[in-house]
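Before any comments, here is the structure.
Read-outs throughout are calculated quantities, based only on the coordinates presented, and are distinct from any laboratory measurement. Small disclaimer: the values here were computed from a predicted structure and weren't measured. Note that each Cβ is placed from the backbone with ideal geometry, even for glycine, and that neighbours are counted across all protein chains shown.
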Amino acid sequence: PALILTLAVIYIPGAYRFARALAVNINTMDFMTVARVRGESTAYLIGSEILPNIIRPVLADFGLRFVFIVLLLSGLSFLGLGLQPPLADWGALVRENIGGLPFAAPAVVVPSLAIASLTISVNLLIDNLPQKIRDRDA
């Protein structure tokens, strides 16, 4: 839990800076000026103008950060710096079974495939989000 909390504290400022940079960029566009001149409230501007325009890049960034954290945790566990036994982790499973690779390859290959399949599936999920979430015009 402390390692996951540490990684969250490390990655949250980057995600915040990314989302803020997108919002500041959207906020300077002409349609935002028009909405302000119309007298729209701040809540309306955020909910109807800014969020729909930044949701796709923010979700893509979230997916990448999630995958980076999973790979980092697995790598740290493989090196013996991550979760310690009795807690289970895919990286630790690979490390514990690496000595028996010639005799029982699935013991190493299955956790490695689990890490790879999670990484690929999260990327595919983010890339193929429903049209309504992805694009503002839907």
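Tabulated data for the structure shown
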quantity	calculated
Taking 49, 96 and counting other C-beta atoms within 10 Å, the order from fewest to most	96, 49
Gained length - residue 104 relative to residue 15, 0.36 nm times residue gap less alpha-carbon distance	28.0 nm
q = 0.11, 0.16, 0.18 Å⁻¹, the chain: log10 I(q)/I(0) [Debye, one scatterer per Cα]	-0.58, -0.91, -1.03
Phi to ³J(HN,Hα) by Karplus 6.51 cos²θ - 1.76 cosθ + 1.60 over segment 23-29, Hz, x for Gly, Pro	5, 5, 5, 5, 5, 8, 7
J(HN,Hα) series, segment 71-79, from Karplus relation 6.51 cos²θ - 1.76 cosθ + 1.60, nearest Hz, glycine and proline x	5, 5, 4, 5, x, 5, 5, 4, 7
Exposure proxy ranking, count of Cβ atoms within 10 Å, fewest first, for 48, 41, 77	41, 48, 77
Value of relative contact order over segment 2-134, rounded to a whole percent, pairs C-alpha under 8 Å and six or more apart	20
Gained length - residue 59 relative to residue 45, 0.36 nm times residue gap less alpha-carbon distance	3.1 nm
Given charges at beta-carbon only (K, R positive; D, E negative), |dipole| of segment 2-134 in Debye	260
